[in-house]
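Accompanying notes for the structure given below.
The values are calculated or read from the model by the stated rules, or taken from the named source; none is laboratory data. Just so you know, these numbers come straight off a predicted model, no measurement behind them. Note that each Cβ is placed from the backbone with ideal geometry, even for glycine, and that neighbours are counted across all protein chains shown. These accessible areas exclude ligands, DNA and RNA; they are computed on the full protein's heavy atoms, side chains included. Shrake-Rupley method; radii C 1.70, N 1.55, O 1.52, S 1.80 Å.
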Amino acid sequence: MSNYKKNKDDFSKEFQMNVQMLQLSSDNYDQGNEFAIIDIATRLRVLLNDNGRNISLFEHMGLKNKLFLNTAFEIDENNLLSDNCLVSMGPDENFEFFKYYPLFDSSPKSYIPFDDWWNQIVYRDTEKRFTRADIILFIADKDGGAHSDPKLPMNYYDFSRKGDGSTTFYHINGQQVGDSKNIDNLHYASVRQIAYEVLETLKNM
């Protein structure tokens, strides 16, 4: 069976569709639908990740040589606590519990080469370190994006289910209700911030 070889126009259409889907899913997440992060991570993988014969749409479009927006705070190796470089913590919309939020434009900005950006450590604690690539590919390839593996690496499992170990209580009408629980959306908020960086980077291309 013969094959059709895609041309620049084909890749351009795919690129535009994936960017639009990334924006739509980001808007969906911002409206409170956290499940949209699964599609955000998958779109970022398709747009950015090169692996063997799998070539990213950014590479097909010749955009990997551009500088990418970096909003991550610097890692502090002397910090005895965790470094959550892409997020902040605050109360939810109903002031019932605490959660993580992407920083958006509230952090220092710089522009760095793609490989430095992709492989930059954006989370660190005494046991774990994750880059942007790590977080995106764990979600997209193993945790419900394009694939759902029956087993997850323990370091990612802890990161995705327990965050940095911070806990929160539910509050109703100012009164604490029930037991504390881990704040478990650290990986989701981090991916939303990465999507913000990519979308803002594209505005300057």
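Some points to look at:
- For the pair Met1 and Ile121 in one chain, pulling the backbone fully straight at 0.36 nm per residue adds 38.7 nm over the alpha carbon distance.
- Shape of segment 55-139, Cα gyration tensor, a/c cut at 1.5: prolate
- Estimated dipole of the chain in Debye, rounded to 20 [Cβ of Lys and Arg +1, of Asp and Glu -1, Cα centre]: 740 debye
- With the charge dipole of the chain set up from +1 on Lys and Arg Cβ and -1 on Asp and Glu Cβ about the Cα centre, the Cα lying farthest toward the positive end among the listed residues Phe98, Gly163, Asn51 is that of Asn51.
- Helix 8-30 axis, angle to the chain major axis (alpha carbon atoms, nearest 10°): 10 degrees
- Average accessible surface for the chain: 56 Å² per residue, computed with a 1.4 Å probe over protein heavy atoms with every protein chain in place.
- Accessible area of the chain belonging to carbon and sulfur atoms, whole % at 1.4 Å probe: 49 percent
- Largest first, the three principal axis extents of the alpha carbons in the chain are 65, 37, 32 Å in whole numbers.
- Amide hydrogen proximity for Asp143: with H placed 1.01 Å from N in the peptide plane, the residues at 5 or more positions away or on another chain lying under 5 Å are Asp149.
- Axis angle, to the nearest 10 degrees, between helix 186-203 and the longest C-alpha principal axis of the chain: 40 degrees.
- Segment 29-103 shape via C-alpha gyration tensor axes, a/c threshold 1.5: oblate
- Per-residue SASA entry for Asp141, accessible area with 1.4 Å probe, Å² rounded to 10: 50 Å²
- Folded to 0 to 90 degrees: helix 37-48 orientation relative to the chain principal axis, Cα: 40 degrees
- By the rule of a C-alpha distance below 23 Å, with chain neighbours fewer than 8 residues away ignored, the lysines paired with Lys99 are Lys128, Lys162, Lys181.
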